[in-house]
Amino acid sequence: MARENGACVILMFPFAVMTDDTDVPSPIDFSDSEQARRWVEDATIKRPWRPDFFQAFANEIRTHAPDNATIIELGSGPGLLAEEILCSCSLRRYVLLDASHAMHNIAQERLLGFEAQITHVTRDFRSENWTDGLRLSDVVVTMQSVHEVRHWGHVAKLYQKIMSLIVPGGYFLMADHYATPENGRNPSLYFSPHEQRNALIIAGFVDVVLVIDRGDMALYRARRM
């Protein structure tokens, strides 16, 4: 970390623009049941393209993961992505990891019938030891969650932890919003589209491919060596 003209420059990624190094507070308390349910309702209305991403995740798993694959989802929320994947793919185990008990409760209601395949883990992936006790998986998936580390400067460490959970040759499927001058998203919180891809490459992932880009959000497939 260095400072120029009193502003903080984080030297974690060489392509990053100068931003404030202060974590960006979340406007939503996901631990509150009412706020969690309101977020789910709002996301469904305001982001009608989300089902296209759910289907793209499932297609990628069917194409690239082995039969009876094991999946870990980070920031699993209300279980919408899990529902699509569980209904569409041949899986042995699906771990839903989220810091919010309220979100896990919503997901449990949604995923009735999949109890034999799923495990709910209440854990914050911003914590130091969030990977403890988790078994290696064929694929790690996450959608609209990477920015919940609340500053792009924490993403490198998150990606290192994620890689440690993937079997050699396995995949990371990451979808999140990105910042552009036009959409006005906070550049301390979100990468630009170019930075999204480069962050995965710098973390050590290979074969990084853009799968779908819609609604100022992109899904990438990346492979662990």
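No lab work stands behind these numbers, since they all come straight from the coordinates. In this text the structure is predicted, and so the values were computed from the model without any measurement. Here the Cβ positions follow ideal geometry from the backbone for every residue, glycine too, while neighbour counts run over all protein chains shown.
Assorted remarks:
- Cα gyration tensor shape for segment 31-96, rounded if a/c is under 1.5, else prolate or oblate: oblate
- Over segment 121-225, the alpha carbon radius of gyration divided by the compact-protein estimate 2.2 N^0.38 Å works out to 1.03.
- On Cα atoms only, tilt of 101-110 relative to the major axis of the chain in degrees: 40 degrees
- For the options His194, His151, His104, a Gaussian network treatment of the chain with springs between C-alpha atoms closer than 10 Å singles out His194 as fluctuating the most.
- Cα pair distances in segment 170-218, grouped into 5 Å bins until the bin that holds the longest one, percent each: 5, 20, 32, 24, 13, 6, 1, 0
- Which of Ser164, Leu219, Gly75, positive extreme of dipole for segment 48-223 (C-beta unit charges): Ser164
- Helix 50-64 vs. the chain, principal-axis angle (Cα, 0 to 90°, nearest 10): 70 degrees
- Estimated [θ] at 222 nm from DSSP helical runs (n ≥ 4, -39500 (n - 2.57)) normalised by residues in the chain, nearest 500: -9000 deg cm²/dmol
- Using C-alpha pairs under 8 Å with a sequence gap of at least 6, the mean separation divided by the residue count of segment 83-225 gives a relative contact order of 20 percent.
- Taking the longest Cα principal axis of the chain as reference, the axis of helix 193-202 is set at about 80 degrees.
- Beta bridge orientation in the chain: antiparallel %, DSSP, nearest 5: 45 percent
- Per-bin percent of Cα-Cα distances, segment 48-223 [10 Å]: 10, 41, 39, 10, 0
- Max mean-square fluctuation residue, GNM over the chain, Cα-Cα springs under 10 Å, options Arg123, Arg92, Arg50: Arg92
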